[in-house]
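Visitor: Here's a structure for you.
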Amino acid sequence: MVIKKPTENLKGISRFRFIFSRDKKAPVAISVILIFILSALFAPWLAPYDPNEMTLDMMSAPSKMHLLGTDDLGRDLLSRIIWGTQISLFVGISTVFISLILGVILGVVAGYYGGWADMIIMRYIDLQWAFPNFIIAVYLVAVFGTGLLNVIVAISLAFLDDFARVARSMVLTLKEQQFVEAARTNGSSNMRIMFKHILPNAAAPLIVQATVCVSYAILGEASLSFLGLGVSANTPTWGLILADGRSFISQAWWLGVYPGLAIMLIVLSINFLGDSLRDTLDVKENLL
Amino acid sequence: MLDYMFRRVIGAFLVMLAVATLVFFMLRLVPGDPIAAMLADAGSEEARAAMIKRLGFDKPVPVQFLKWFGGMLQGDLGNSIYGSNQPVTQILAESLPRTLSLAFLSFVIALIIAVPAGIISAAKKNTATDNAFSFFAFLGLSMPDFWLAILLIIVFAANLQWLPAIGYSPISEGLWPWFSHLILPSIAVGTGFSAIIARMIRSSMLEVLKADYMRFAASKGLSDSTLLLRHALPNALIPVITVIGIAFALLISGAVVVENVFAIKGLGRVLIQGILNRDYPVVQGAVLIVSAIFVFTNLLVDILYGLIDPRIRYS
């Protein structure tokens with residue numbers, strides 16, 4: 001007799017509900033992520049002060065007036081962190097969206113057609129593999145210049161090869177299966193087979209990969225901003241707030257602690273969510 | 001084996017050839033004007049013409065490429081166009097030992113944390129201890145390295161004043177000054193890295209513990225520590241070697257950011273300063289070296305893996 005795992009009989013939503021109810025960290029992670037998304041959306045109403053308003057109340061410690069204290073120019077740290085959520089999440093989600101779409105197209109085409117298309121695409125991917133992702137992003141910002149759009153393009157391109165690799169290897173396994181054969185016999189076009197039949201079956205590892213990449217993209221944006229290669233010197237982003245506060249941390253520890261705490265909380269929650277999704281969707285762990 | 005090594009070495013050199021070509025052409029094919037960017041706002045027409053001539057941008061692109069490439073093969077990467085106009089090779093040669101020192105110490109720290117953590121997690125699978133280790137691994141992965149660096153400075157340099165907050169001291173000036181300057185940055189870089197290795201060792205140990213020879217060893221009445229350390233660990237470490245090559249990328253990326261926090265003039269700081277000063281010869285050189293370190297580390301890992309596990313050579 002074959003003993004099935006209890007989850008194998010469950011499909012769709014009920015499977016999610018079953019595993020998420022047993023996995024205690026998933027609901028916590030989702031709640032934290034929701035809090036961050038809501039503060040990004042409602043920043044103008046939630047932030048107690050204008051994030052760029054300078055006051056004479058400089059480097060004051062956390063108090064009732066300023067819950068997380070103020071920086072060297074008297075700006076309210078909590079308000080700056082709340083507004084910073086917008087950039088972090090926007091960059092994190094939009095970059096993964098772009099690299100997911102481009103990477104999947106490259107990977108699916110390479111895996112499905114094989115031959116020359118595969119060779120050219122794979123050589124490109126191998127070449128990208130010769131650079132650490134963050135170094136690619138840094139170099140692209142050096143070439144394109146700083147700014148929101150350039151940072152998004154740089155980080156998206158840096159992650160492209162990861163998605164292409166996952167998509168390609170999934171397609172290579174799936175294209176030999178009978179349902180693809182059946183679709184071909186039915187007279188389905190290559191486009192239809194690739195994107196209607198193969199892709200939905202390759203979705204699980206891509207979803208997990210995308211979740212993990214959001215956290216890497218948020219870290220990447222924060223690192224670029226911290227190095228002065230980010231969005232702009234006037235937009236409050238978490239990395240920039242940390243960079244600005246760095247010179248004052250011996251007198252004002254809060255400037256060095258809270259912005260980083262925000263980055264860590266969101267990245268940790270996304271990583272936990274990714275881990276739960278990996279269990280739920282039964283995807284084999286791939287650490288990088 | 002020799003055939004396998006030969007193929008891998010040739011492959012690595014071909015990749016480096018392509019990388020060098022890409023690094024060169026990226027700057028020239030991208031829309032926009034690097035000269036205008038380098039001169040920022042201060043450039044007059046004459047300054048612009050002089051700069052174009054000095055960089056050799058007035059010649060056709062293929063000629064520029066051959067000149068640059070020929071120079072590169074002889075170890076000449078041009079001169080910095082900022083400040084003292086030092087040769088790029090000299091700048092890189094000065095900064096490389098600092099980055100390698102940082103990477104080396106981070107690697108050692110990561111292994112000191114990761115190996116026991118991975119073994120204990122696997123031995124105590126699904127217990128509170130395992131969960132705690134797993135939580136800390138996630139924490140390590142999620143913490144931005146530059147933030148950890150700042151926290152370490154706040155605690156150990158600003159408050160306790162045990163260690164210097166910035167700078168670097170070469171090992172030739174004594175072991176302790178070298179170590180005391182590098183220990184905080186190394187912890188900042190090594191923590192995330194150790195989380196990856198620990199998780200990898202845990203899952204690899206769990207695979208090995210299921211094997212028949214482990215059950216046989218246990219039935220001989222061997223103690224738990226002999227089982228884990230003598231029989232399981234050496235086998236569990238084999239697949240871990242592959243991920244070390246990939247995770248080395250994290251180490252280098254971490255070093256780039258963390259060097260800037262601690263004002264260590266290593267490759268990362270040279271790269272970022274080069275970008276901020278629009279010093280393109282330096283940026284090209286630094287990217288090339290970083291990628292070379294990465295490619296050759298992976299080559300070394302592949303060869304090592306082939307030596308340890310003969311099955312790899314023939315696949």
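The values are calculated or read from the model by the stated rules, or taken from the named source; none is laboratory data. The shown structure was predicted, so the numbers you read here are calculated from the model rather than taken from an experiment. All Cβ positions, even for glycine, are placed from backbone atoms using ideal geometry, and neighbour counts span all protein chains on display. All accessible areas refer to the heavy atoms of the entire protein, side chains included, with ligands and DNA or RNA removed. Shrake-Rupley method; radii C 1.70, N 1.55, O 1.52, S 1.80 Å.
Visitor: How large is ³J(HN,Hα) for each residue in region A:225-235, as worked out from phi by the Karplus curve 6.51 cos²θ - 1.76 cosθ + 1.60 (θ = phi - 60°), to whole Hz, x for Gly and Pro?
Guide: 4, 4, 7, x, 10, x, 5, 6, 6, 9, 8
Visitor: What do you get for the angle between helix A:115-129 and the principal long axis of chain A? Use alpha-carbon atoms, 0 to 90 degrees, nearest ten.
Guide: Result, in degrees: 30.
Visitor: Given contacts defined as C-alpha pairs under 8 Å and at least six residues apart, what's the relative contact order of region B:116-221, whole-number percent?
Guide: Relative contact order, region B:116-221: 37 percent.
Visitor: Still on this model: Trypsin sites (Lys or Arg not before Pro) within region B:216-307: which are DSSP loop residues with at most 15 other Cβ atoms inside 10 Å?
Guide: B:LYS220
Visitor: Within 10 Å of each Cβ in B:266-272, how many Cβ atoms from other chains are there, averaged over the peptide?
Guide: Rounded to a whole number, the mean comes out at 2.
Visitor: Please compute the per residue accessible area over chain B with all protein chains in place, 1.4 Å probe, rounded to a whole number of Å².
Guide: 48 Å²
Visitor: Looking at chain A, which longest stretch skips every one of the GluC sites (Glu not before Pro) that is in a DSSP loop with at most 13 other Cβ atoms within 10 Å, leaving the sites themselves out?
Guide: Looking at chain A, A:54-175 is the longest stretch - no exposed GluC sites (Glu not before Pro) with at most 13 other Cβ atoms within 10 Å.
Visitor: Still on this structure, please answer the following. Place +1 on the Cβ of every Lys and Arg and -1 on the Cβ of every Asp and Glu in region A:147-254, take the dipole about the Cα centre, and give the residue among A:ILE152, A:ALA233, A:ILE207 whose Cα lies farthest towards its positive end.
Guide: The residue sitting farthest along the positive end of the dipole is A:ILE207.
Visitor: Using only Cα atoms, tell me the angle between helix A:77-113 and the longest principal axis of chain A; keep it within 0 to 90° and round to the nearest 10.
Guide: On a 0 to 90 degree scale, this one is about 20.
Visitor: About the Cα centre of the protein assembly as shown, how large is the charge dipole given +1 on each Lys and Arg Cβ and -1 on each Asp and Glu Cβ? Please answer in debye to the nearest 20.
Guide: With Lys and Arg at +1 and Asp and Glu at -1, about 1780 debye.
Visitor: For the protein assembly as shown, take the alpha-carbon Rg, divide it by the Kirkwood Rh, and send me Rg/Rh.
Guide: Checking Rg against Rh, the ratio lands at 0.97.
Visitor: Using helices alone, I'd like the mean residue ellipticity at 222 nm for the protein assembly as shown: each DSSP H run of four-plus residues gives -39500 (n - 2.57), total over residue count, nearest 500.
Guide: Helices in the protein assembly as shown give a 222 nm mean residue ellipticity of -23500 deg cm²/dmol.
Visitor: If you don't mind, there's one more thing I want to ask. Where nothing but the Cβ of Lys and Arg (+1) and of Asp and Glu (-1) is charged, how large is the charge dipole of chain B around its Cα centre, in debye to the nearest 20?
Guide: In debye, rounded to 20, chain B gives about 740.
Visitor: If I take every Cα pair under 8 Å that is 6 or more residues apart in chain B, average their sequence separation and divide by the length, what percent do I get for the relative contact order?
Guide: 26 percent
Visitor: Kindly count the pairs of lysines across chain B whose alpha carbons are less than 18 Å apart, treating pairs on different chains or eight or more residues apart as eligible.
Guide: Close lysine pairs under the 18 Å cut-off: 5.
Visitor: Follow-up question, since we're still on this one. Please identify the DSSP H helices in chain B that span no less than 30 Å along the helix axis (Cα) and have a mean Kyte-Doolittle hydropathy of 0.5 or more.
Guide: Span-like helices in chain B: B:2-29, B:88-123, B:175-209, B:233-261, B:280-308.
Visitor: May I ask for the net charge around B:GLY75, where only other residues with Cβ less than 15 Å from the Cβ of B:GLY75 are counted and Lys, Arg are +1 while Asp, Glu are -1?
Guide: Result for the neighbourhood of B:GLY75: -1.
Visitor: I would also like to ask the following. What does the average come to when, for each residue of peptide A:254-267, you count the partner chain Cβ atoms lying within 10 Å of its Cβ?
Guide: Counting other chains' Cβ atoms within 10 Å and averaging over A:254-267 gives 3.
Visitor: Using a 10 Å cut-off on Cβ to Cβ distances, tally the other chain neighbours for every residue of A:221-227 and report the average as a whole number.
Guide: Whole-number average of other-chain Cβ neighbours for A:221-227 is 5.
Visitor: Still on this structure, I have one more. Angle check, please: helix A:253-280 long axis (alpha carbons) against the longest principal axis of chain A (alpha carbons), in degrees 0 to 90, nearest 10.
Guide: It works out to around 20 degrees.
Visitor: Okay, next question. Rounded to the nearest Å, what's the spacing between the alpha carbon centres of region A:19-76 and region B:211-278? Just the number, please.
Guide: 35 Å
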